[in-house]
1. Between B:Arg27 and residues 5 or more places away or on another chain, which pairs have amide H atoms under 5 Å apart, with H built 1.01 Å from N, and which residues are they?
2. Where the eigenvalues come from the Cα gyration tensor of chain B, what are the semi-axes √(5λ) of the equivalent ellipsoid, largest first, in whole Å?
3. In what sequence, highest mean first, do A:15-24, B:47-56 appear when ranked by Cβ atoms within 10 angstrom?
4. Over the Cα atoms of the protein assembly as shown, how large are the radius of gyration and the largest Cα-Cα distance (Dmax), in Å?
5. List, shortest first and in nm to one decimal, how far the label point of B:Glu66 (7 Å from Cα along Cα→Cβ) is from its counterparts in the other copies.
6. For the pair B:Thr8 and A:Arg56, how long in nm is the line joining their label points, each one 7 Å along Cα→Cβ?
7. Sorted from shortest, what are the nm distances separating the label point of B:Asp91 from equivalent points in the other copies, each placed 7 Å from Cα along Cα to C-beta?
8. If you put a point 7 Å past Cα along the Cβ direction, how far is that point for B:Gly42 from the same point in each other copy, in nm, smallest first?
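All of the numbers you see were taken from the coordinates with simple rules; none came from a lab. Small disclaimer: the values here were computed from a predicted structure and weren't measured. Cβ atoms come from the backbone with ideal geometry, glycine included; neighbour counts cover every protein chain shown.
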2 protein chains.
Amino acid sequence: MGRASTFTTGDLTDTGVYVLLSLLEPRHGYAIGQFVAETTDGAVVLGPATLYTTLRKLTEAHLIEEIGSSDTRRVYHLTRGGREVLERNIDRRRRLVGLATTLMEAR
Amino acid sequence: MGRASTFTTGDLTDTGVYVLLSLLEPRHGYAIGQFVAETTDGAVVLGPATLYTTLRKLTEAHLIEEIGSSDTRRVYHLTRGGREVLERNIDRRRRLVGLATTLMEAR
DNA sequence: CATCGATGTATCCATAATGGATATAATGCT
DNA sequence: AGCATTATATCCATTATGGATACATCGATG
């Protein structure tokens, strides 16, 4: 049996989360990379292989869709399903941060 | 050139973060798996390969160390460096959650 | 006391995720 | 004209990870 991808299970890697987050507003691939780098102060930089592979897989999983692309740019946007998956993934990370905060201030 | 591992860069995967978090108090491998499963309500389950490979690599990177192990159990604990890396990783996720919260309530 | 499930560590193997290099093309600036 | 930047995409190698498997020990239950 092939192992399930994080894109089909909806239990995304940080990369997937950053990309979905970028696509709350329509953006093309390159702009997503810039947005992530800027909003993380350069802490998170997505390489081209990661970025474009992620876009392909998110599209295949119907979490994002291509809208109004031009010759030189492919513009994507979150689908309803993508929004739900994003919310779930943020929730899990919120709980992680909450747990960590509790445990770390305890000692 | 070999690509840098997340353990040497200190930019950990969720798996690494969950394991470090578990080791704020001394625990052995199996107990770490249980702790993560319990505190995430079963949302995060680390397979044995992931768990023991992660423990080996965190040890090699001096982020955790083995303390007072018995015949049947190997007990680990965070090092000072591990604590710092954990804090950095939680900070990044806290910013991610904050950013997501802002962006998602906007639309 | 034998058996079975849970505990506990570890590795093998295959697949998924990812970074860096590379390729190609258009656009903008000087 | 020339060069950096924008923009998409793939190749290749490496890292990360899950499932299966292999052992050994321990505790409960019949």
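1. When sequence neighbours closer than 5 places are left aside, the close amide H contacts are B:Tyr76.
2. 26, 17, 13
3. So the order, starting with the most tightly packed, is A:15-24, B:47-56.
4. Gyration radius and largest Cα-Cα distance of the protein assembly as shown: 18.4, 65 Å.
5. Spelled out, the distances from B:Glu66's label point are 5.2 nm.
6. 2.8 nm
7. 3.0
8. 4.5
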